[in-house]
2 protein chains.
Amino acid sequence: MTNNQALGRHILVEAYGCGYNILDNMRGIQGAMIEAAERTGATVVDVAFRKFEPYGVSGVVVISESHLAIHTWPEYGYAAIDLFTCGDKADPWKAFEYLLDYFKPKRITTMEIKRGNLITTENKNYIAIDSAGEAIVDE
Amino acid sequence: MTNNQALGRHILVEAYGCGYNILDNMRGIQGAMIEAAERTGATVVDVAFRKFEPYGVSGVVVISESHLAIHTWPEYGYAAIDLFTCGDKADPWKAFEYLLDYFKPKRITTMEIKRGNLITTENKNYIAIDSAGEAIVDE
């Protein structure tokens, strides 16, 4: 099986050691997330951001059939970021690179998950799930 | 390290073999996702759903500091669902149970990811990242 079979790619980013002010600035984060979405090559269809009191920002950019999301904990210097794109054209890593430069985390981890692994062969239809590198065949 | 240290829990759901009409019904999906969010115990703060032509629905329910998201491919009977909650009170598995009953997938996989693993001990501050069961210590 190949990666090309997946409908989408989903990058989970754990960003630690970010600046308090960056993580608590809703307007700045919203702009950065929209810019990041556009850099993947996707079309932005909706945006929803919220500022929490006393601190923290949540927001989602809905792109064509997928989304980018962020939740920040300024008090911990931490942001949870999701970059989910579908199709061959959109590249979620372009959003990642842009956001890395924006948030400048001291420590970061990423995990890329393939979403929607569909495989069709000539003589049967089956579904393969590749989240852990294994394929489950439904005959 | 314990699970209690994580700021949030994020369940990635791959739902295969769902009915076409269920996956293409934006109004129904929006209602189900809001109901699912409320069942976790979280507070809904924003909602953004879109219907795509000729088929497909995308939507996000922003809850207090986290989100629930869905993207459907009716033509493949597939939905990618994300259930991300934070805090001790919210339980993303309650949303999962409700959505399982709503979408009735023939095949489903789930993956629970801990988001924002923060640990503080007496003599040092460090950050542990547990996405693969390993801890990275920053001394």
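Worth pointing out:
- Options B:ALA90, B:ALA69; residue that is within 7 Å of chain A (Cβ to nearest Cβ) and either in a loop (DSSP other than H, G, I, E, B) or touching a strand residue (DSSP E or B) at 6+ places or on another chain (Cβ under 6 Å) (or both): B:ALA69
- The set of residues in the range A:54-90 that are of a type in the set (D, E, K, R), at pLDDT below 95 and either under 12 Å from the mean Cα position of the chain (by Cα) or closer than 13 Å to A:GLU38 by Cα (or both) contains only A:LYS89.
- A:ILE11 being part of a strand (DSSP E or B), surrounded by fewer than 24 Cβ atoms within 10 Å (Cβ to Cβ), among the aliphatic types (A, V, I, L, M) and more than 9 Å from every other protein chain (Cβ to nearest Cβ): yes
- The criterion of being at pLDDT 95 or above and touching a Lys or Arg at 6+ places or on another chain (Cβ under 6 Å) holds for A:TYR98.
- Every listed requirement among (1) assigned to a loop (DSSP other than H, G, I, E, B); (2) buried (at least 19 other Cβ atoms within 10 Å of the Cβ) is met by A:ALA48 save one, (1).
- A single member of B:LEU23, B:LEU7 is touching a Pro at 6+ places or on another chain (Cβ under 8 Å) and of a type outside the set (Ser, Thr, Tyr), and it is B:LEU23.
- For B:SER66, the criteria (1) in contact (Cβ under 8 Å) with a residue 24 or more places away in the chain; (2) open to solvent by 10 Å² or more (accessible area, probe 1.4 Å) hold in every case but one, which is (2).
The values are calculated or read from the model by the stated rules, or taken from the named source; none is laboratory data. Being a predicted model, the structure only gives us computed values, none of them experimental. As a convention, Cβ positions derive from the backbone with ideal geometry for all residues, glycine included, and neighbour counts pool all protein chains shown. Just the protein is used for accessible areas: all its heavy atoms, side chains included, with ligands, DNA and RNA removed. Shrake-Rupley method; radii C 1.70, N 1.55, O 1.52, S 1.80 Å.
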